[in-house]
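Structure, as structure tokens:
The values are calculated or read from the model by the stated rules, or taken from the named source; none is laboratory data. Just so it is clear, the structure is predicted and the values come from calculations on it, not from any experiment. A quick note on method: Cβ atoms are made from the backbone with ideal geometry, for glycine too, and the neighbour counts reach across all protein chains shown. Heads up: the accessible areas ignore ligands, DNA and RNA and are worked out on the full protein's heavy atoms, side chains in. Shrake-Rupley method; radii C 1.70, N 1.55, O 1.52, S 1.80 Å.
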Amino acid sequence: MKYKAEIIAGIVILAFAIIFLVTNASIQQNLAEGEEAWGGADGQAADIIESGGYEPWFSPVWEPPSGEIESLFFSLQAAIGALIIGYFFGYYRSRQAAT
Amino acid sequence: MHIMEGFLPSPWWQIWFIVAIPFLVLGLYQLKKLFAEKRETIPLLAVAGAFVFVLSSLKLPSVTGSCSHPTGTGLSAILFGPFITSILALIVLIYQAIFLAHGGLTTLGANVFSMGIAGPVVAYALYMAGKKASLNTFVNVFIAATVADLFTYVVTAGQLALAFPAAEGGVMASFTAFLAIFAITQVPLAIIEGVIIALVFKYIIDVRPDILVKLNVLTQNTVNRIREAAA
């Protein structure tokens, strides 16, 4: 079958989304007021380490001043990558069509 | 998720730098050779690097109620080997450490080791073993990429455990604790990464099978078989 890989990828991503929605529903129900779920795994590890009395000895040279600016840089990172991937696949595809 | 800035005490952050540097030097050497001898593979190298860029920018929610991101290093490890991949990972990690305060400059050595060296070495070894056992190419790519992603975070957990042994139970106890945070969160993300890399692999076989043969990723026979099956 020609699109077998695409179908499998679609199913896996769909399953992932459904699992997220189900987990999210139960997490949101049990969440105390003012608490936020879905934090980063690195933050959780930091909590464990800091609860042992450790103080980070070096802080980032520059931190994004807000969540919006941070998401700007993350989207920029994804956009740069996507641009390069799309460009070269297009280049290869049209080169192949020309020969 | 990488180790945060300042979260590795001395001597650990220096140790991981020292461990990572030989791999990076070898990577630079291989890169130079690739540029000189196989120039037609450079666009593919850009794609593999861009892939690490995209995937490591996507923070995805997982079953554990926290978020983490895939690494995307499996593709380039399979195509170009683990040493060149460590250079690509270094670029991404520096970007994230400088612009995003994600990961860190002092923990760069440790993060390059887990994401750029440990994971890719496993991906490369698994792929080569699967190729030898003539496993289905896509299944092989899927397994290599998935395990590499997961292993990256097992190593991250190990690095933190070594630096922060628990008061009771020592290194093993804190390894289990960090493993629960990093590795379990990573399982579904690793599976997604594996599927997507297998899909991209299919597209590369579609457009430039000759480069894959040239890089010794696939044999001409395998390419012919896959193309026949797809036609």
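Of note:
- Just one residue in the set B:A129, B:A148, B:A161, B:A157 is more than 13 Å from every other protein chain (Cβ to nearest Cβ) and either crowded, with 18+ Cβ neighbours inside 10 Å or not in a helix (DSSP H, G or I) (or both); that residue is B:A148.
Residues are listed down the side, and each one gets a yes or a no for (1) in contact with a Leu (Cβ under 9 Å, 6 or more places away or on another chain); (2) charged (D, E, K, R); (3) open to solvent by less than 60 Å² (accessible area, probe 1.4 Å); (4) free of Cβ contacts under 8 Å to residues at least 12 places away in the same chain:
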position	(1), (2), (3), (4)
A:K4	no, yes, no, yes
A:F16	yes, no, yes, yes
A:T23	no, no, yes, yes
A:E33	no, yes, no, yes
A:D42	no, yes, yes, yes
A:A46	no, no, yes, yes
A:E50	no, yes, no, yes
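- For the range A:46-79, a tally of residues being small (G, A, S), assigned to a helix (DSSP H, G or I) and more than 8 Å from chain B (Cβ to nearest Cβ) returns 4.
- Output for the range B:1-55, where each listed residue is open to solvent by 50 Å² or more (accessible area, probe 1.4 Å), more than 30 Å from A:A46 (Cα to Cα) and either at the interface with another protein chain (Cβ under 8 Å from one of its Cβ atoms) or part of a helix (DSSP H, G or I) (or both): B:V25, B:L26, B:L28, B:Y29, B:Q30, B:K32, B:K33, B:F35, B:A36, B:E37, B:R39, B:E40
- Flag if B:Y124 is touching a Pro at 6+ places or on another chain (Cβ under 7 Å) and either open to solvent by 10 Å² or more (accessible area, probe 1.4 Å) or modelled with pLDDT under 95 (or both): yes
- Whichever residue in the range B:178-198 is β-branched (V, I, T) and either facing another protein chain (nearest Cβ under 8 Å) or in contact with a His (Cβ under 7 Å, 6 or more places away or on another chain) (or both) and, among such residues, is surrounded by the fewest Cβ atoms within 10 Å (Cβ to Cβ): B:I191
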